[in-house]
Amino acid sequence: MASVKVAVRVRPFNQREKDMNAKLIVQMDGKKTRLLTVKNSKEQNDGSREKYKDFTFDHSYWSFDHGDSHYASQEQVFSDLGVDVIDSAFEGYNACVFAYGQTGSGKTFTMMGSPECQGLIPRICRQLFSRMAAGKESGSSYRTEVSYLEIYNERVKDLLSGDSGHSLRVREHPKLGPYVQDLSRHLVSDYDDIQECMQRGNQQRTTASTQMNDVSSRSHAIFTLTFVRAGYTRHNNLPSETLSKVHLVDLAGSERADATGATGQRLVEGAHINKSLVTLGSVISALADSSQQADNRTPKGKKNVFIPYRDSVLTWLLKDSLGGNSKTIMIAAISPADCNYGETLSTLRYANRAKNIINKPTINEDPNVKLIRELRDEIDKLRAQIAHNTNPVEAEAGVLATLQRKEAQEKVLTEKWTEKWRETQQILQEQKALGLRKSGLGVVLDSDMPHLVGIDDNLLSTGVTLYHLKEGETVIGSAELEPTPDIVLSGAGVLPLHCRVVLREGVATLLPAPGAHCWLNTVLLDAPAKLSQGECTTRLHTTHPSSPHLTYV
Ligand SMILES: Nc1ncnc2c1ncn2[C@@H]1O[C@H](COP(=O)(O)OP(=O)(O)OP(=O)(O)O)[C@@H](O)[C@H]1O
């Protein structure tokens, strides 16, 4: 059980607030946030004499004035909140961070930041990879995938697929919960890969200028890391494999139409944005109520509170993060100005409720690994029993037989797991060595290593094959050659041994076999020829132009 962690952050005055001579109405001291009541606000008109309202959160971040010694920097927010997220991922827990607040209050600044002043998402990603590099040294291995979506007007759009117009369906798996059907997932092997995904997704995101913010996010964006960590435990050398999903969420601003000056399309967007946020509010309230009921539970008073997750796409997708299997952090972003009193009070009340949500995070352990661990426990107990046994010999024989059976099971399962993980790592390494990366609808080859790109001899085929050239000799020929050549070509005129490519210190040379028709661009070769990267086509065709050809890249 873990409560949702809640932090509040106040930003500096923006130009509009400065122009209005806005008054500062937020104060912070340690974990406390104080909001000074504004004259003529609804509260005062209701006859309340309160001069301020106090709230206590896990963190209150004072980012009002850069010059102030208490100024909470991006680095501080990361070290308080981001490091927890990384720890959770490495331990195998799901995690979620979402930023909530009125438009222009600093959500995107806190979550994404700018290139000079990076926010939580890039910092978490960078640190995740440095921790992985350190873990690899001690024998662990990892697999990380990224997806990035936005919810705009209650429709889900994949920000990384390149197909921007298409909206995707949200479905619910009986065990794994809600998911987006056909959402693209991108394998990333270092921070540069992930940064490329972030930048591409951010460019696709729907933003517009409103009176409150020049670049206002008009959609809710969910950046998700799926992280698998595997290795052997140090103390007893058991397989260990965990999976963690990390949702990093930048919500669109909560807003009143009159404050933002919204009309037309902006007004329609606002209605949809608010629908999700109102539902988020109802979900938070319902969860907070249900947690409080659980606290003062009496057998009679026990009541099942209905949580309206499915009333909006946002809450449906974040179901696990809100009241489920996740360690969740909410960051409430607020304006410091008196003109935003109403919105700020509502954000702080929202955040105050969220503190009461109790989640149930559990380590997501691979089921086979769990079985192996349980078997090992049983084996240890049986061994201890044998060691201390004073029972008759027959009973001991029975225990011994059980022990042997369990040991055999453990051995088979461990071998299977090791083989599966070794294969996964091999595939990852091959992909990395090839340097293949998805870019929009295309696939980009980033590798520094020399390759041949083979085009099938069948004109109707779309088959393209990449052959990684190894240092030394690569044999090219037909399947008739014994042993099978490194690169097998089929098609008219391909000899069993057609040619060889010798790679030495980055220089590739093509050596045609006697009698083979090897063309280098338009020249039929009769002697070894050096291949130049980029410009050169090693055409192995003989009589027909559609016969197979290899391009050196
Ligand atoms: N802590 C901060 N320190 C300095 N500048 C900030 C801070 N927070 C926000 N800002 C600035 O305030 C402006 C609005 O912030 P931002 O775009 O993050 O708001 P938002 O809540 O994401 O708005 P929207 O909901 O409209 O997308 C930006 O110019 C941003 O650089």
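Read the figures in this text as sums done on the coordinates, not as results from a lab. None of the values given here were measured: they were computed from a predicted structure. Glycine also receives a Cβ, built like all others from the backbone with ideal geometry; neighbour counts cover every protein chain displayed.
Would you kindly state how much longer the chain becomes between F306 and L525 on full extension, computed as 0.36 nm times their sequence separation minus their alpha carbon distance, in nm to one decimal?
Stretched fully, the F306-L525 segment lengthens by 71.1 nm.
Could you tell me which GluC sites (Glu not before Pro) in segment 1-110 are loop residues by DSSP with no more than 15 other beta carbons within 10 angstrom of their beta carbon?
On the way: sites: E17, E43, E50, E75, E91; in loops: E50.
Within segment 1-110, the qualifying GluC sites (Glu not before Pro) (loop, at most 15 other Cβ atoms within 10 Å) are E50.
Stretch L466-K381 to full length: gain in nm at 0.36 nm per residue minus the Cα-Cα span? Display every interim value, and only then the final one.
Details: separation 85, 0.36 × 85 = 30.60 nm, distance 5.25 nm.
So the chain would gain 25.4 nm between L466 and K381.
Can you work out ³J(HN,Hα) from phi for every residue in segment 339-348, in order, using Karplus 6.51 cos²θ - 1.76 cosθ + 1.60 and θ = phi - 60°, giving whole Hz and x for Gly and Pro?
The phi angles translate into 5, 9, 3, x, 5, 5, 4, 5, 5, 5 Hz.
Would you list T522, T344, T144, T418 from fewest to most Cβ contacts within 10 Å?
Numbers: T522 7, T344 28, T144 23, T418 13.
Placing the least packed residue first, the sequence is T522, T418, T144, T344.
Over all directions, the average projected area of the alpha-carbon convex hull for segment 140-192 comes to how many nm²?
5.2 nm²
Run the paramagnetic zone check for N21: 7 angstrom along Cα to Cβ, then residues of segment 337-366 with backbone nitrogen under 18 Å.
337-340
7 Å from Cα along Cα→Cβ at both E116 and S140: what's the point-to-point distance in nm?
So the label points at E116 and S140 sit 3.6 nm apart.
Any idea what log10 I(q)/I(0) is at q = 0.17 Å⁻¹ for segment 44-149, Debye with uniform C-alpha scatterers and no solvent?
Cα-only, vacuum Debye calculation for segment 44-149: -0.95.
Could you sort out which of K18/K39; K360/K411; K107/K136; K31/K107; K327/K381 sit more than 28 Å apart by Cα distance in this structure?
Checking Cα-Cα distances, K360/K411; K107/K136; K327/K381 exceed 28 Å.
Average the reciprocal distances over every distinct pair of alpha-carbons in segment 311-368, invert the result, and give the Kirkwood radius in Å.
About 13.7 Å for segment 311-368.
Would you grab the residues whose amide H sits under 5 Å from the one on A513? Only those 5+ places off in sequence or on another chain, please, with H modelled 1.01 Å from N.
The list, which skips near neighbours in sequence, is C499, R500.
What does the charge count around V501 come to, taking other residues whose C-beta lies under 12 Å from its C-beta (Lys +1, Arg +1, Asp -1, Glu -1)?
Details: positive: K470, R500, R504, K530; negative: E471, E473, D486.
It works out to a net charge of +1.
Which lysines, if any, have their Cα less than 19 Å from the Cα of K470, not counting same-chain residues under 8 positions apart?
Cross-link targets: K432, K530.
What residues from segment 317-352 fall in the zone where the backbone N is under 16 Å from a label point 7 Å along the Cα-to-C-beta line of K275?
What the label zone holds, given the 16 Å backbone N cut-off, is 317.
Residues of segment 221-238 with amide nitrogen under 19 Å from the 7 Å Cα-to-Cβ point of R155?
221-222
Compute the length gained on full extension between D87 and Y179: take 0.36 nm times their separation in residues and subtract their Cα-Cα distance, giving the result in nm to one decimal.
30.7 nm
For the residue pair S490 and R34, what label-to-label distance in nm results when each label sits 7 Å from Cα along the Cα-to-beta-carbon direction?
Spacing of the two 7 Å Cα→Cβ label points: 8.2 nm.
Determine, from the Cβ-Cβ distance of E374 and V507 and an R0 of 60 Å, the FRET efficiency 1/(1 + (r/R0)^6), rounded to the nearest 0.05.
0.60
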